[in-house]
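Working notes for the structure below.
Computed from the coordinates by the stated procedures, all read-outs in this text should not be read as laboratory data. This structure is a prediction, so every number in the text was calculated from the model and none was measured. Neighbour counts are summed over all protein chains in view; Cβ atoms, including those assigned to glycine, are modelled from backbone coordinates with ideal geometry.
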Amino acid sequence: MVTSLATFLNTLLYAGVGIFVFLVGFFILDKLTPGKLWAEIHDQRNIGVAIVAGAMALGLAIIVAAAIHG
């Protein structure tokens, strides 16, 4: 029981760290691109920017997952 609780807490910790790193990375990518991504996607309905932002999010998520997994 104790090991399963420790495993569960470790999983939550790694998930929290992964989400934090993902958000920081996406914020940095947003700053590196010209314009505001959310304004272009939501206000201007720019599908091309949405596809690029989604691809960046997937790529960043894969990198974070690989870094955490080892």
Q: Pairs only if they're at least six apart or on different chains, beta carbon under 7 angstrom, first in segment 40-62 and closer than 21 Å to Ala15 by Cβ, second of a type in the set (Gly, Ala, Ser) and part of a helix (DSSP H, G or I); list them, first residue then second.
A: Leu60/Gly25
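For the condition under 28 Å from His69 (Cβ atoms) and out of contact with any helix residue (DSSP H, G or I) (no Cβ under 9 Å at 6 or more places or on another chain), what is the one hit in Phe22, Phe27? Walk me through it before giving the result.
Numbers: Phe22 fails: out of contact with any helix residue (DSSP H, G or I) (no Cβ under 9 Å at 6 or more places or on another chain).
Just one listed residue meets the conditions, Phe27.
In this structure, is Ile51 surrounded by 11 or more Cβ atoms within 10 Å (Cβ to Cβ) and among the β-branched types (Val, Ile, Thr)? Please lay out each step first, then the result.
Details: surrounded by 11 or more Cβ atoms within 10 Å (Cβ to Cβ): yes; among the β-branched types (Val, Ile, Thr): yes.
Judged against the criteria, Ile51 is a match.
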